[in-house]
1. For segment 223-233, does any single residue satisfy the condition of being within 21 Å of residue 294 (Cα to Cα) and of a type in the set (D, E, K, R)?
2. So is residue 109 out of contact with any Cys (no Cβ under 8 Å at 6 or more places or on another chain), loosely packed, with under 15 Cβ neighbours inside 10 Å and free of Cβ contacts under 8 Å to residues at least 60 places away in the same chain or not?
3. Please find, among 297, 310, the residue that is surrounded by 22 or more Cβ atoms within 10 Å (Cβ to Cβ) and within 30 Å of residue 257 (Cβ to Cβ).
4. If you go through segment 213-227 one residue at a time, do you hit one that is under 22 Å from residue 26 (Cα atoms) and at pLDDT 95 or above?
5. Would you mind finding the one in 315, 345, 333 that is in a loop (DSSP other than H, G, I, E, B) and in contact with a His (Cβ under 9 Å, 6 or more places away or on another chain)?
6. Please determine whether any residue of segment 64-79 is among the acidic types (Asp, Glu) and either closer than 24 Å to residue 144 by Cα or in contact with a helix residue (DSSP H, G or I) (Cβ under 6 Å, 6 or more places away or on another chain) (or both).
7. Among helices (runs of 4 or more DSSP H) lying entirely in segment 450-525, which contain 3 or more residues that are under 13 Å from residue 308 (Cβ atoms)?
8. Go through (1) surrounded by 13 or more Cβ atoms within 10 Å (Cβ to Cβ); (2) touching a strand residue (DSSP E or B) at 6+ places or on another chain (Cβ under 9 Å) for residue 88 and report which single condition fails.
Amino acid sequence: MIERVIENWLINSDERGYQIPFCQLLNLKGYKIVHISVHGPFEQGKDIIALDSHKNPCAFQLKAGDISLDRWRKIRSEVEELLDIPINHPGIDKTIPHNAILVTNGTLSDPVRREIDDRNESRKRKGQTILDVITGGLLLSDFISANEKFVPTEIRDIQSFFNLYTYPGINPLPKDKLFNFLSGIFPPGNKIDKKKIILAAANNLLFSAYLFSTYERAKNYWSLADGWIIATAQLLAMAEKYNAYEELQPSIDLSLKAIDGALSNLQKEALESPDLLQSKSLFEGMILPFRTSILAGYLTAYRLFLLLQGDKGWFDEKVIDFLNKYRDDIKIFSEGSLPFFISTFWYLNRIGEKEAANRVLTIIINSIIYTHRKEKVGLINPYYEHETALRSFIGLLEDPITETFVDSSYSLDSVITLAARHNLKAFLASMWRPITHIQMIEFIPKYQWETFLYRAEHGKLESGFPKQTQSWSKLVEDSHTNNETDLPRGFRRYPQFLILLWLVYPHRMRSAYVRYLDDAITKEN
């Protein structure tokens, strides 16, 4: 039954839909992925550049569907580029001939096969590179073979997989159900053979790709990005727990590429769709400020993601135009929404818009104080999903939340830390008295690998109130104190992932992590 689903997924995927999973298959076969074109059309006929197990350079061009003679004639020039233009990449020696492989999830018609064979014979006689072909049947066999050891066996797990695979792609991602399913792939025990960890990581990525195809087809890039963020968090948890970062780096890198592609598409949609933030009904008018806040968070987090992974094109003027256009239309609706605003603060600060950045930070602190000390209700804590918190905020939740949130905050320590680090002395001084009446709460996982999980089974809840009388110099000193033992190694290896993790798991934000990321973002600024 699972095989039928994989076959259905492969048949219905376009070339972008099976690109990352195909790269994972290459990893399992000993290839090293050098370059993936994730943002648009292939470059010089090459969608994927890799080195095989013998260090031979290989270039792959991906197609979707059957290739008839008519279609072959249309793509022949692209295939000739694949064959004849040397690989242009700093990690590849241009003087070494490369292997050229055409990949399709469909079939080749007999006339196309004959023409490829004839052309290959002619190229052999001339000492030129020949074209290898991988078609859908071999692809399907490879995908099923890779998944054999991790195919769910229990009825409950199989049903969970089918439910996720058939979940409507226009809906928000069911994070808890996805986490539960992917946790079944997580290797049990504290010690495990590294080869089994590599295979588990590969299956985490492959099953994620199958499940996320419904969001990709629906062009629901928000849920698609969230899904890949959760999948990446699972990989980092594996790497952290089993000290396997080197072994799992290929899978982690592919998952980060998938995030990049989803967020790139989300940004394109947000910035180029004139009606995306237009209210067409009373209900849409009510939720418009919250949708704007979420988009601002994802757009700025994506640009910071690019910055921290060394992309020189991280700055985008269109994002600034978006923030300026909608700066009066954003609204905090829960503690879980605060990472959207903190990301916006960091982005504005990094590009030199310090006054605008500080305004965002003061909005966060004012909102926390107002909801606790004035409204006497507090902000819904970050353990509630955004949709639940939003519906509760606007009074449309069917089963009202009975838990009280007044005078306790999971985020206050983090934003105080940022305010001290960015010299908002006068503002904090004016707000300090009401701040001291709000209890600061923080969950600290016992094991650092559980930081990457949706639900951590081990840990402790720490709480305390800010001091009634606080020395500014001591507050600033504490805000700059970093202890790297507080940080999972995954944050140090992949700092670009940290802000994305908080968008999806806002309950994993801690002041120690905020200090580390603030240093990473603001250095050399």
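The values are calculated or read from the model by the stated rules, or taken from the named source; none is laboratory data. All values reported here derive from a predicted model rather than from experimental measurement. Please note: Cβ atoms are built from the backbone with ideal geometry, for glycine as well, and neighbour counts cover all protein chains shown.
1. Yes, because at least one residue in segment 223-233 is within 21 Å of residue 294 (Cα to Cα) and of a type in the set (D, E, K, R).
2. no
3. 297
4. For segment 213-227, residues under 22 Å from residue 26 (Cα atoms) and at pLDDT 95 or above: present.
5. Result of the check over 315, 345, 333: 333.
6. Yes - at least one qualifying residue is present in segment 64-79.
7. Filter on segment 450-525 gives 489-493, 495-504, 511-522.
8. (1)
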